[in-house]
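Step one of this worksheet: look at the structure below.
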Amino acid sequence: MQSTFDHWDLPFFDAEHKELAVSLDLWCAKQVVDETDDRRACLQWVSLLAKSGWLKYCVPAEYGGKLKNLDSRSLVIVREILSQYSALADFSFAMQGLGSGAITLAGTQIQKSTYLDDVSTGKKIAAFALSEEGAGSDVAAMSTIATQTNDGFVLNGDKTWISNGGLADFYVVFCKTSQDQGSRGISAFIVDADTEGLDSSEHLQVMSPHPLAKLKFTNCRVKSSQLLGNLNGGFKLAMQTLDIFRASVAGAALGMARRALWEARSYASTREMFDQKLIDFQISQANLGQMLSLVDSSALLTYRSAWYRDIQMNTNTLQEDQKKEQLKKYSQLAAVAKLTATENAQKVIDMSLQMHGGKGVLVGQKIESLYRDIRALRIYEGASEVQQLIIGRSLI
Ligand SMILES: Cc1cc2nc3c(=O)[nH]c(=O)nc-3n(C[C@H](O)[C@H](O)[C@H](O)COP(=O)(O)OP(=O)(O)OC[C@H]3O[C@@H](n4cnc5c(N)ncnc54)[C@H](O)[C@@H]3O)c2cc1C
């Protein structure tokens, strides 16, 4: 995809990041996937992304990954580029990272070697199961429970909105393990898809193709070895996982906005009206100028938050309280990036669609699918209002 300027030369990035961006862009341009069936398309994307080594950015080097640690800038770059071509390609990549992220952060050696290598080679498809009908933004209100037994836990309850539901080989599931402790009573478990008592057959259809399902747990038994991280440490683990990937949601929104801008410029350059091209009207030029300004501000904030996290991760000399301060700062920067990039992308895509006239709403046009694809990004992994709260609270 033609960029408006070479943003990979910005000081946020190293030479390896630029190389990643350029080679992934070339690769994407050659891929052809029939996306009429979203589930089949996701399986194909996972297989293609694995074969060419792109999924290696979802796990650390010790377990089949490309880089020593998860690198936020690489995640942002991959999602920005994939989403310019296909929302499902981006989704397939993102879920391998988000679904395995908690294992990378808190898994035992055995858990990591059982799951992470297979995530990077596409042998196992990952999913992250936090939300429930009555607990979306308010995660602590969840009611799925895990009751401790002699040799493990028994899970009962329902999850909803689970991406890769019904496709995944394993789910990282968050449950209440202590009823009266709110967010301090939640634990995480790795539940293999074929575990007895887990039903993922109820699929959900949404406006933009995206494999989603409800999960029902009925006396679903898991061994103690499937507990992920500390007992009752699940809420913190979920938030840490979401924090890592929040900047990458901004990256995906940015990619969609870049594509919409490119589509607007191309269309306006060829569309004839009133004896000239649409792009010759000053109002079109002003709109394109506004769209590029929105894209650029999203880009700078997205890259800043990813860069800040990477720098933090590579600084070993800090005291505990300094690290805590930095993490707080990162949460603020990632929230600013997610809020701005998703809201700006919605605006840019809408402006681009408007420039396409009737063709903009014609099914099969790229701008029509972008208009549907962008919408959920303002809701999942923390709705815009939740990001506003995170940012506001960080100022108090
Ligand atoms: C396409 C898609 C994929 C998803 N994938 C996953 C997944 O893989 N795993 C998973 O666990 N979940 C997933 N989700 C769920 C998603 O994280 C939730 O939808 C999200 O957290 C919002 O929860 P909710 O839908 O229950 O909305 P609610 O929590 O009911 O919020 C409704 C609205 O209220 C507003 N709001 C929220 N908080 C506040 C506040 N404090 N003050 C004022 N207004 C507020 C927001 O506008 C919000 O959109 C997915 C959702 C979608 C749409």
If amide hydrogens are placed 1.01 Å from N in the peptide plane, which non-local residues have theirs closer than 5 Å to the one on L228? A188, F189, I190
Going Cα to Cα from K176, which aspartates and glutamates come in below 14 Å? Please leave out same-chain ones fewer than 8 positions away. E132, D138, D158
Spin-label proximity, N69 to the stretch 295-316 - amide N less than 19 Å from point 7 Å beyond Cα toward beta carbon: 303-316
Size-normalised alpha-carbon gyration radius of the chain, reference 2.2 N^0.38 Å: 0.99
Put in order of increasing Cβ neighbours within 10 Å, starting from the fewest, K18, K56, K30 give K30, K18, K56
For the stretch 130-266, the Rg and Dmax computed from alpha carbons only, in angstrom: 17.1, 64
Order of F13, F274 - criterion: other Cβ atoms within 10 Å of each residue's Cβ, fewest first: F274, F13
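With a cut-off of 8 Å between alpha carbons and a minimum separation of six or more residues, what is the relative contact order of the stretch 1-143 in percent?
For the stretch 1-143, the relative contact order is 23 percent.
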Please work out how much length the chain gains when fully extended from S266 to K223, using 0.36 nm per residue of separation minus the C-alpha to C-alpha distance, in nm with one decimal. 9.9 nm
Can you give the helix-only mean residue ellipticity at 222 nm for the chain, where every DSSP H stretch with n ≥ 4 adds -39500 (n - 2.57) and the sum goes over all residues, rounded to the nearest 500 deg cm²/dmol? -17500 deg cm²/dmol
Calculated FRET efficiency, D194 and Q31, Cβ-Cβ r, R0 25 Å, to nearest 0.05? 0.25
Computed E for K123/Q354 - FRET, C-beta separation, R0 35 angstrom, nearest 0.05: 0.20
Just the number: Rg to Rh for the stretch 206-331, Cα atoms, Kirkwood Rh, two decimals. 1.18
Amide H within-cut-off set for E202, under 5 Å, with H built and near neighbours excluded: K214
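Average projected area of the Cα convex hull of the stretch 1-154, in nm²? Mind showing how you got there, number by number?
Details: hull surface 47.2 nm².
For the stretch 1-154, averaging the hull's shadow over all directions gives 11.8 nm².
What helices does the chain have that are whole DSSP H segments, at least 24 Å long along their own axis by Cα, and with mean Kyte-Doolittle hydropathy of -1.0 or more?
Values: long enough: 87-106 (29 Å, 1.10); 234-270 (54 Å, 0.27); 282-313 (47 Å, -0.02); 320-355 (52 Å, -0.70).
Answer set is 87-106, 234-270, 282-313, 320-355.
Arrange the following residues from fewest to most other Cβ atoms within 10 Å of their Cβ: W45, W54.
By the 10 Å Cβ count, ascending, the order reads W45, W54.
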Using the Kirkwood formula on the Cα atoms of the stretch 285-385, what hydrodynamic radius do you get, in angstrom to one decimal? 15.5 Å
Strictly over 30 Å apart at the Cα level, which of K124/K359; K112/K324; K30/K159; K236/K366; K124/K214 would you flag in this model? K124/K359; K30/K159; K236/K366
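Each reported figure results from applying straightforward, stated rules to the coordinates on display, with no laboratory input. Model, not experiment: these values are computed from the prediction. Every residue, glycine as well, gets a Cβ built from its backbone with ideal geometry; the counts of neighbours run over all protein chains shown.
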